1. Please give the length that would be gained between ALA185 and GLN290 if that part of the chain were fully extended, namely 0.36 nm times their separation in residues minus their C-alpha to C-alpha distance (nm, one decimal).
2. Taking H placed 1.01 Å from N in the peptide plane, check which residues at least 5 places from ILE190 or on another chain put their amide H under 5 Å from its amide H.
3. Can you pull the percent of Cα pairs in the range 114-156 with separation above 17 Å?
4. Over 22 Å between C-alpha atoms is what I'm after, so list which of LYS141/LYS258; LYS42/LYS258; LYS49/LYS250 land there.
5. Rank by packing, highest mean first: peptides 154-164, 173-183, with packing defined as the count of other Cβ atoms within 10 Å averaged across residues.
6. Once both labels are modelled 7 Å past Cα along the beta-carbon direction, what's the GLU212-SER279 spacing in nm?
7. Can you tell me what percent of all Cα-Cα pairs in the range 151-305 are more than 25 Å apart?
8. Taking θ = phi - 60°, what integer Hz values does the Karplus form 6.51 cos²θ - 1.76 cosθ + 1.60 yield along the range 242-259, in sequence order, with x for Gly and Pro?
Amino acid sequence: RRAALALAASSALLGAPPPPARAVVELSEEQLFVAQAWGSVKQAYFDAKRLAEVDWEGKRKRYLREISYRTMAEARAAVREMVATLDDRWTRLISAEELALTAGRYIDAGSADASDGVELLTADTTGGRKLALLRVARISKGTPGRVRAALAGLSTPPDELWIDLRGNLGGSFSAAVEIAGIFLAREQRIVAVRRRNGPLEVFNALEDGNTEMPLHLLVDRNTASAAEVLVGALRDNDRADLRGERTYGKGVIQTVVKLSDGSALEVTVARYETPSGRSINKSGFEPDVQLSSCAAQLPASESTSRAEAERGLVLSVRESSSAK
């Protein structure tokens, strides 16, 4: 400040005009909202190459200087248009109501009490082979413990274990890593996470698991996210084959940034890579054996005992798959 005053004073004495003061630009509420969204993507988005391809720096000029906004609705529409250029369905503007639901899903996924639908059904074939079907409807913090408890409850190890992940939309990433470790050898790679900056983060099995039990995975188009982490770990390590339909194909991680109007921006900050190094985002996993449909519910007959119902379900799943 003293230097500036001295310069102004000397300029006045010499008869020269003082240097022009830097203009202060005041942004409207709508412009601040757009600027916050733009900056959140610039700072956190995982794919720097993609940001360069769409000229993300240039979008600041377009959406903050060249476009004027009369309402917040116009500003939100501009943000949706801006992030759509990334062609990333997971980076998106969500309303305050959607944010509340999203937060609820994240809380449930991290809760040990979240309902994950772990259920173990068993049956014996006419040839004397023992089969087991382990259903996992969702992956929460407590799921690994429930999977271990279900398997420990078997009187004898099954000749085949079928893990049913149909309709499993995912949940806890760390829990999926832990479940995969139950069936892998120590130090086998489970998944890797690649961010924009920093080294590749690799997750390996921490101890020796059950590597002898034959495994099959049942999947469909709604097998997604953390469930696909489990699928990739067991398939790429040749621990299990896939039966069913192509999986959903969500191989990325998001963070949620709250914005000034109460809404939020979900921003993709990293992507998964399977043990073989491939990304399944938008492509999913193709099954080894294609199944358009197979038994998914226990027979609802009062005359059918629980044991008979379980046996019928397990055998129908196996037979529908084997027939392919």
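1. 35.0 nm
2. When sequence neighbours closer than 5 places are left aside, the close amide H contacts are PHE203, ASN204, ALA205.
3. The calculated P(r) of the range 114-156 puts 36 percent of pairs beyond 17 Å.
4. Where the Cα-Cα span goes over 22 Å, the pairs concerned are LYS141/LYS258.
5. 173-183, 154-164
6. Those two pseudo-labels are separated by 4.1 nm.
7. The proportion of pairs with Cα distances above 25 Å equals 36 percent.
8. Working through the residues one at a time gives 10, 10, x, 10, 4, 6, 5, x, 10, x, 10, 10, 10, 10, 10, 10, 6, 10 Hz.
The values are calculated or read from the model by the stated rules, or taken from the named source; none is laboratory data. Bear in mind the structure is a predicted one, so any value in this text is a computation, not a measurement. Cβ: placed from backbone, ideal geometry, glycine included. Neighbour counts: every protein chain shown. Only protein heavy atoms, including side chains, enter the accessible area calculation; ligands, DNA and RNA are left aside. Shrake-Rupley method; radii C 1.70, N 1.55, O 1.52, S 1.80 Å.
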